[in-house]
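Quick notes on the structure that follows.
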Amino acid sequence: MKVIAFVNNKGGVGKTTCSKLMAEYLSKVKKIPTLGIDFDPQCNFSHQYLKMEIDPAAPEGLMPPIHPDYATDDPDHIDWDGRSSISEIFYGQGVVPYPTYLQHLDLAPGHAEKLLAAEAVRKSEVVDKVHKQLANFLNSEDVKAAYDAVVIDTAPSKGPLTVSVMKAATHIVIPSVMEEQPVQGIYGMLQLWMQESLAREKDRPLKLIGILPNMFKQTRLHKDILKCLQENPAISKYVLPVSLSQRIVFAEIDAEEANPRSIFDYSVSHVAKQEAEEVCAYITERIFS
Ligand SMILES: Nc1ncnc2c1ncn2[C@@H]1O[C@H](COP(=O)(O)OP(=O)(O)OP(=O)(O)O)[C@@H](O)[C@H]1O
Ligand SMILES: [Mg+2]
């Protein structure tokens, strides 16, 4: 089972957009049984596939809806409130992924308050526990039997949640806008990747697919920053030969009422679809080859 995560501690660089593209490419185009995981308390990835609800206990945050398999009269469900998020891994509860409108894509959604609680953990012995939970969950026989690919969307942070993802992933991609602040995020992520690589067993490496330029515009600024990365001897080998341009349709398909819902529903001649397909095919080839 391949576990791919999009990471960058800077916000708004395209982690969620890329997670969505990748999850839809693998499940819809390649028909690979895929599990999407939303590890960001903002729950943007979850909101793409589920009608997330406002959490009455923490009204600024979202929680998953009642699971379609939940039945109040089922004696097996007596200890279940009917909602399930990936954050149950921190509370010793089972995670019950939700089906999505795509046949081969399930989703383990986020839960704002519970993920924030895990992110806020600081005591070293508890942090250690948090770090291992996602890897343990993905190593379970049930998950490995059900899915061949897992796509994880992450929070814009370098905290316990992102570290857990680094420990659980087989592959990471660092999306970045070619601007000063987001590029700083690349260095932070490379550092985390190296730390994790050193700590890993040799037979379980964490592979860095590379840095994916996103929202790329043919402006002086973007071209100069990309060139700078491509000419930096320590970085150049990680800059991917594919990129996503700034295209309104990538933002439009985020909307709740978007129709079509997936970029892969557009016609073959649509430039944004072609670009998304090129990027996803490249990443898929690197992961599965
Ligand atoms: N290539 C693109 N072209 C146009 N708009 C884009 C593109 N990629 C992402 N966007 C838009 O930019 C915004 C930020 O993208 P996204 O939410 O994917 O970033 P993020 O890294 O997940 O942010 P956060 O760190 O807050 O989770 C969104 O509104 C998204 O629709
Ligand atoms: Mg996001």
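The values are calculated or read from the model by the stated rules, or taken from the named source; none is laboratory data. This one's a predicted model, so the numbers in the text were calculated from it and none came from an experiment. Counting neighbours? That spans all protein chains shown, and the Cβs are built from the backbone with ideal geometry, glycine included. Note: areas computed on protein heavy atoms with side chains; ligands, DNA, RNA excluded. Shrake-Rupley method; radii C 1.70, N 1.55, O 1.52, S 1.80 Å.
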Percent of beta bridges antiparallel (DSSP, region 9-112, rounded to nearest 5): 55
Label point distance in nm, Glu125-Ser140, each placed 7 Å from Cα along Cα→Cβ: 2.5
Distance between modelled label sites at Lys132 and Gln195, nm, 7 Å Cα→Cβ extension: 1.8
The chain - charge dipole about Cα centre, Lys and Arg +1 at Cβ, Asp and Glu -1, debye rounded to 20: 1420
Highest average packing first - 60-67, 76-83, 105-112, Cβ atoms within 10 Å: 105-112, 60-67, 76-83
Degrees between helix 15-24 axis and first principal axis of the chain (Cα, 0 to 90, nearest 10): 80
Positive-pole candidate from Leu134, Phe216, Gln230, dipole of region 130-235, charges at beta carbon: Gln230
Antiparallel bridges, percent of DSSP beta bridges restricted to the chain (to nearest 5): 15
Spatially near lysine pairs across region 48-155, Cα under 28 Å, sequence gap of 8 or more or different chains: 9
Over 28 Å (Cα to Cα) - which of Lys20/Lys202; Lys15/Lys227; Lys158/Lys202 fall in this group: Lys20/Lys202
Whichever aspartates and glutamates have a C-alpha closer than 12 Å to that of Lys217, once near sequence neighbours (fewer than 8 apart) are set aside: Glu179
Cα pair distances exceeding 31 angstrom across the chain, given as percent: 25
Cα-based reach from Lys30 at 20 Å (exclusive), listing aspartates and glutamates while leaving out same-chain residues under 8 positions away: Asp106, Asp148, Asp153, Asp265, Glu275, Glu277, Glu278, Glu285
Net charge, Lys20 excluded, C-beta distance under 12 Å - Lys, Arg +1, Asp, Glu -1: -1
Most to least packed among 93-104, 267-278, 209-220, 14-25 [average Cβ atoms within 10 Å]: 14-25, 209-220, 93-104, 267-278
Positive minus negative residues near Tyr70 (Lys, Arg vs Asp, Glu; Cβ under 9 Å): -2
For Asp69, solvent-accessible area (1.4 Å; no DNA, RNA or ligand), Å²: 100
Net +/- balance of residues flanking Gly188 in space, Cβ distance below 10 Å, scoring K and R +1, D and E -1: +2
